[in-house]
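Right, one structure below, let's go through it.
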């Protein structure tokens with residue numbers, strides 16, 4: 001977050017309970033923050049949401065909407081309850097392609113999903129903007145899906161990631 005431009009337009013994929021989104025609002029002070037998450041049950045073992053049923057996930061989404069009600073009313077926060085690929089299509093059809101100054105990805109950590117997130121959200125990032133995410137370099141976590149996907153993606157777009165602990169950042 002410190003490497004991303006302040007007062008930017010931003011996205012937070014896989015918002016979950018959106019506790020870190022409050023920090024993004026305070027720290028990065030984006031003009032507009034898009035919180036994207038399907039808020040649906042998933043069977044990924046080890047994930048916090050694997051133990052939640054559909055009703056509990058709907059309750060979490062309602063809590064997020066309530067927590068950000070003032071910012072939503074002021075159009076500073078937009079909540080999109082959708083799968084990431086569908087959200088990208090929705091955003092692309094409603095806006096030009098360079099919508100975000102930065103996006104923070106923290107969704108499904110499997111290789112296929114992370115690579116799909118990176119490819120999809122890259123199209124929405126302005127030149128000079130960045131994609132960032134977490135759990136890079138954590139051995140064994142989701143079969144190293146994040147690390148493998150980030151490494152393959154940066155090679156395909158001829159970029160080098162900045163690594164800060166287990167966080168990654170890719171400048172466009």
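A short reminder: the numbers here are calculations on the coordinates, not readings from a lab. Remember, predicted model here, so these are calculated numbers, not experimental data. Here the Cβ is made from the backbone with ideal geometry for all residues, glycine too, and neighbour counts use every protein chain on show.
Summary table
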| item | result |
| --- | --- |
| Chain lengthening between residue 123 and residue 76 when straightened (0.36 nm per residue, less Cα-Cα) | 14.7 nm |
| Spin-label pair residue 93/residue 29, simplified geometry with 7 Å Cα→Cβ offset, distance in nm | 3.6 |
| Spin-label pair residue 155/residue 141, simplified geometry with 7 Å Cα→Cβ offset, distance in nm | 2.2 |
| Neighbour-count ranking [beta-carbon atoms within 10 angstrom, fewest first] of 156, 20 | 156, 20 |
| Where labels lie 7 Å past Cα in the beta-carbon direction, separation of residue 63 and residue 22 in nm | 1.1 |
